[in-house]
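Peer 1: Pasting a structure below so you can have a look.
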Amino acid sequence: MQHSKTTETEIDFRAEFDTLRNQVNELLKSLKNKTEATSATLGENIESKVEHYQEKAEQKLHDAYAAGNAGLNDVGEHIRKNPVASMLIAFGVGYTIFKVLGQGK
């Protein structure tokens with residue numbers, strides 16, 4: 001049962017990252033299109049800067065995605081190696097949140 005929960009979390013995490021990546025790419029394309037439309041009046045310098053920042057943003061997004069996947073894989077591996085301890089920790093965290101939010105009164 002813990003394995004399916006991890007898989008669902010992993011799928012949700014990757015789906016959120018894919019959505020974020022698509023949104024950033026759409027934003028960057030939109031920004032590039034607007035820059036291209038005004039580049040005739042503002043010059044080629046701005047277009048090259050936008051392309052430079054677009055490449056930087058894409059690289060940062062790729063790095064964040066890779067780090068997130070690595071972290072998710074590390075957590076999944078830790079859970080697979082220590083399923084009982086992972087369940088106890090999850091229970092403890094859930095119980096603490098339950099108490100903190102005042103539902104345990």
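Peer 1: Arrange the residues Ile97, Ile46 by how much accessible surface each exposes, largest first, with a 1.4 angstrom probe.
Peer 2: Numbers: Ile97 90, Ile46 65 Å².
The ranking, largest first, comes out as Ile97, Ile46.
Peer 1: Here's a follow-up. Starting from the residue with the highest accessible area, list Leu72, Leu27 in decreasing order, probe 1.4 Å. It would help to have the intermediate numbers written out before the result.
Peer 2: Values: Leu72 30, Leu27 120 Å².
Listed by decreasing accessible area, they come as Leu27, Leu72.
Peer 1: If R₀ is 30 angstrom, what is the calculated FRET efficiency for the pair Lys49 and Arg14, using the beta carbon separation as r and rounding to 0.05?
Peer 2: Numbers: r = 32 Å, r/R0 = 1.07.
Working from the Cβ atoms, E equals 0.40.
Peer 1: Could you state how much accessible area Tyr53 has, in square angstrom rounded to the nearest 10, with a 1.4 Å probe and all protein chains kept in place?
Peer 2: Around 140 Å² of this residue is reachable by solvent.
Peer 1: Got a sec to turn the phi values of region 11-20 into Karplus ³J(HN,Hα) couplings, 6.51 cos²θ - 1.76 cosθ + 1.60 with θ = phi - 60°, whole Hz, x for Gly and Pro?
Peer 2: These are the phi-based 3J(HN,Hα) values: 5, 4, 4, 5, 5, 5, 5, 5, 4, 4 Hz.
Peer 1: So what are the ³J(HN,Hα) numbers for region 63-73, from phi and the Karplus equation (6.51, -1.76, 1.60; θ = phi - 60°), rounded to whole Hz, Gly and Pro as x?
Peer 2: Each residue's phi maps through the Karplus curve to give 4, 5, 4, 5, 5, x, 5, 5, x, 5, 5 Hz.
The values are calculated or read from the model by the stated rules, or taken from the named source; none is laboratory data. Small disclaimer: the values here were computed from a predicted structure and weren't measured. All Cβ positions, even for glycine, are placed from backbone atoms using ideal geometry, and neighbour counts span all protein chains on display. The protein model used for the area step is the full one, side chains on, heavy atoms only, and it has no ligands, DNA or RNA in it. Shrake-Rupley method; radii C 1.70, N 1.55, O 1.52, S 1.80 Å.
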